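A short write-up of the structure that comes next.
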Amino acid sequence: MNIQEIETEIIEEFSLFEDWMGKYEHIIEMGKSLPVIAERYKTDERLIKGCQSKVWLHSEMKEGKIFFSADSDAIITKGLIAMVMRVLNEHSPDEILDAKMDFVEKTGLKEHLSPTRANGLVNMIKQMKLDALAYKAKV
Amino acid sequence: MNLKEKHSALDIQKIRKDFPILSRKVNGKSLIYLDSGATAQKPKQVIDAITKYYSEQNANIHRGVHTLSQEITSAYENARATIQKHINAKHTHEIIFTSGTTESINLVATTFGKWLKPGDEILVTAMEHHSNILPWQQLCEEKSAVLKVIPINEKGELLLDEYKKLISSETKLISITHVSNTLGTINPVKEIISIAHAKNIPVLVDGAQAIPHMRINVQDLDTDFYCFSGHKVYGPTGVGILYGKEQWLRKLPNYQVGGGTIKTVSFAKTEYADIPLRFEAGTPNIEGGIGLAAAIDYVNEIGLENISVYEHELLEYATKKLSAIEGLKIIGTAKNKASVISFVIHGIHPYDMGIILDQLGIAVRTGHHCTQPIMDKFGLKGTVRVSLAFYNTKEEINKLVKGIIKAKEMLK
Ligand SMILES: Cc1ncc(COP(=O)(O)O)c(C=O)c1O
């Protein structure tokens with residue numbers, strides 16, 4: 001699936017839930033399935049500045065695709081990361097840089113999350129795109 | 001009189017009707033507001049006073065001869081007198097309007113601080129809000145003075161013996177919180193003050209979390225300074241009080257200067273006004289002062305003694321109910337507590353708990369509560385904090401407990 005298709009899939013999944021409680025359950029489930037980052041990458045330099053919860057992000061380039069791994073000490077944050085990962089993981093730097101990421105808005109997450117949390121999500125996406133940019137420059 | 005009889009003195013359902021926001025829905029659920037420690041909700045008496053000010057009374061104070069200006073000047077000065085009476089200050093000119101606790105503390109740190117010399121010491125406690133740490137920390141850095149910290153025990157109680165040991169001939173001021181916003185601990189401020197005074201050291205008390213819960217009598221405490229915010233005692237945001245003993249206020253150098261703080265001004269020489277106006281530069285938060293007085297009147301109408309008794313009952317009920325939840329640990333178990341309960345749940349991030357409770361319409365605070373040193377002391381990244389006011393009910397606590405259990409299931 002390309003990035004756009006994955007985004008559409010997530011938006012459709014979210015539309016199935018009637019209320020946010022259900023959506024949160026879904027986010028939490030995704031959080032539990034997040035491929036976790038190796039402990040040695042959980043360093044302060046890899047911390048993304050968030051609000052109340054910590055987020056670590058690591059990326060590697062293999063055969064033209066970027067592989068992300070990440071973790072957070074809060075499960076809902078982990079779920080949000082997992083969603084972003086689902087969309088961006090294992091794509092080329094160009095694809096990642098071109099990703100619209102409008103699922104954040106179309107799932108209602110952007111509106112629903114508090115500004116600090118929404119910011120955290122946006123920062124995470126930004127960091128992934130920055131990584132993609134760095135890999136692209138290296139190629 | 002026993003607790004039950006006293007409690008029946010309050011008609012909580014009637015009181016709740018005074019707070020329009022309490023009938024709001026949040027995420028489709030009836031709001032359960034358990035974050036009064038961050039800011040209290042406002043009764044319509046306060047909202048009405050502010051509306052009336054803007055629709056009928058607005059003018060600048062201490063300035064004009066016209067009727068509106070005179071009317072609002074006396075209303076504002078009456079508000080000062082209401083606050084003076086409420087905390088039993090000796091004089092109205094010992095009451096200075098500020099923007100809040102934070103500014104009140106900064107005012108003292110800035111002015112008193114001018115006298116500080118290298119090697120002088122300021123004492124604070126390990127349970128201070130950042131607002132009662134940073135002004136002193138910054139001052140000590142500027143003046144090469146030393147900030148010393150009175151430690152606390154595992155229950156979150158001050159170690160008075162350590163306090164006595166920390167006092168030295170270099171100690172110039174002691175700044176302590178009356179009630180901890182994170183742990184709920186009520187500190188024995190009267191005793192702390194008398195120990196300090198035996199060595200002629202002045203004391204500032206941060207009363208931000210005490211003022212909504214108990215009667216404050218600054219003369220009985222014999223405190224040199226007492227600070228609080230309007231918004232935590234059911235009044236508006238952006239207004240607060242610095243109480244200072246007359247002899248201190250007269251001695252303190254100027255803080256911010258400008259319009260309102262003077263008698264006569266010329267480029268050669270300015271003669272400053274008397275206290276309290278010398279510390280109130282610029283047009284003040286007039287609506288804030290008026291609203292705060294309305295809040296104080298409201299609290300007195302309900303009766304602080306009734307409030308203390310009922311809130312204590314809520315605290316005990318909530319403590320019992322919360323403690324029964326598996327894996328839940330209350331942080332802050334001092335013998336003497338205000339209605340603030342911080343807790344952690346094994347394996348669950350406070351932030352996750354806060355989000356799920358919010359979905360259920362339950363507003364709690366999560367995080368470090370501007371008291372990072374406390375979090376370090378207990379080795380935590382944060383807690384969930386429930387702070388109860390007299391408009392809360394046992395039914396709400398029951399719903400909180402149900403909510404926590406549901407959230408635990410989702411998050412585990
Ligand atoms: C103990 C304590 N001190 C000071 C403050 C700061 O009050 P304000 O933000 O109203 O200035 C607070 C507010 O949370 C507090 O709880």
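Considering segment B:332-358 alone, what residues qualify as being out of contact with any Ser or Thr (no Cβ under 7 Å at 6 or more places or on another chain), within 14 Å of chain A (Cβ to nearest Cβ) and crowded, with 21+ Cβ neighbours inside 10 Å? B:Ile345, B:Ile348, B:Asp352, B:Ile355, B:Ile356, B:Leu357, listed by residue number. For segment B:216-232, give me the residue count where each residue is of a type outside the set (Val, Ile, Thr), away from the ligand (no atom under 14 Å from the Cβ) and buried (at least 17 other Cβ atoms within 10 Å of the Cβ). Total meeting the criteria: 2. Only a single item in (1) surrounded by 21 or more Cβ atoms within 10 Å (Cβ to Cβ); (2) in contact with a His (Cβ under 8 Å, 6 or more places away or on another chain); (3) in a strand (DSSP E or B) is not met by A:Ser69, and it is number (1). If you check B:Gly382, B:Gly361 for being within 16 Å of the ligand (Cβ to nearest atom) and farther than 16 Å from B:Leu322 by Cα, only one passes: B:Gly382. Summed over segment A:1-31, the residues that are charged (D, E, K, R) and modelled with pLDDT under 90 give a count of 2. Of the listed requirements (1) within 14 Å of another protein chain (Cβ to nearest Cβ); (2) assigned to a strand (DSSP E or B); (3) farther than 24 Å from A:Lys54 by Cβ, B:Gly403 misses just one: (2). Among the residues of segment B:254-279, the ones that are in contact with a strand residue (DSSP E or B) (Cβ under 6 Å, 6 or more places away or on another chain) and at pLDDT 95 or above come to 3 in all. Filtering A:Met101, A:Met85, A:Met61 for residues that are in a loop (DSSP other than H, G, I, E, B), more than 14 Å from chain B (Cβ to nearest Cβ), modelled with pLDDT of 90 or more and surrounded by 16 or more Cβ atoms within 10 Å (Cβ to Cβ) leaves a single hit, A:Met101. The set of residues in segment B:94-150 that are aromatic (Phe, Trp, Tyr) and surrounded by fewer than 18 Cβ atoms within 10 Å (Cβ to Cβ) contains only B:Trp115. Any residue in segment A:36-48 that is within 14 Å of chain B (Cβ to nearest Cβ), among the hydrophobic types (A, V, I, L, M, F, W, C) and in contact with a helix residue (DSSP H, G or I) (Cβ under 6 Å, 6 or more places away or on another chain)? There is no residue in segment A:36-48 that is within 14 Å of chain B (Cβ to nearest Cβ), among the hydrophobic types (A, V, I, L, M, F, W, C) and in contact with a helix residue (DSSP H, G or I) (Cβ under 6 Å, 6 or more places away or on another chain). Count of segment B:89-109 residues, restricted to those that are within 12 Å of the ligand (Cβ to nearest atom) and assigned to a loop (DSSP other than H, G, I, E, B), is 2. The number of residues in segment B:171-202 being among the β-branched types (Val, Ile, Thr) and within 15 Å of the ligand (Cβ to nearest atom) comes to 7.
The values are calculated or read from the model by the stated rules, or taken from the named source; none is laboratory data. Since this is a predicted model, take the numbers as computed values, not measurements. As a convention, Cβ positions derive from the backbone with ideal geometry for all residues, glycine included, and neighbour counts pool all protein chains shown.
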